[in-house]
Amino acid sequence: MNIQPAQPGRLHEQNKLPSTAQLKAEHGVSTTVVRQAILVLQTQGWVEGVHGLGVFVADRSESR
């Protein structure tokens, strides 16, 4: 697996993350790995899941 740091400016607050299928294909990992990674990001407050719509970059301006 090729892990690269996030690129500044690539995703902004409230942007929708790519689909699980897109992330799987782009990074060559399983659905389980993608879901676990998203869960970790949700737990840390970096992203928010919206049922039926997807996962979005969290608005962290209040926590700065």
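The values are calculated or read from the model by the stated rules, or taken from the named source; none is laboratory data. On a predicted model such as this, the values are computed, not experimentally measured, just so you know. Methodologically, a virtual Cβ is constructed for each residue, glycine included, from the backbone with ideal geometry; neighbour enumeration extends over all protein chains shown. Each accessible area value is taken on the protein alone, full model and side chains, heavy atoms only, with ligands, DNA and RNA left out. Shrake-Rupley method; radii C 1.70, N 1.55, O 1.52, S 1.80 Å.
By a 1.4 Å probe calculation restricted to protein chains, His27 has an accessible surface near 80 Å², given to the nearest 10. May I ask for the net charge around Arg10, where only other residues with Cβ less than 14 Å from the Cβ of Arg10 are counted and Lys, Arg are +1 while Asp, Glu are -1? So the surrounding residues net to -1.
Per-residue Karplus couplings for the range 41-55, computed as 6.51 cos²θ - 1.76 cosθ + 1.60 with θ equal to phi - 60°, are listed in order as 4, 5, 4, 7, x, 7, 9, 10, x, 10, 3, x, 10, x, 10 Hz, Gly and Pro entered as x. Label separation (His12 vs Lys24): 3.1 nm, computed from points 7 Å beyond Cα along the C-beta direction. Lys16 exposes around 120 Å² of accessible area when a 1.4 Å probe is run over every protein chain in place.
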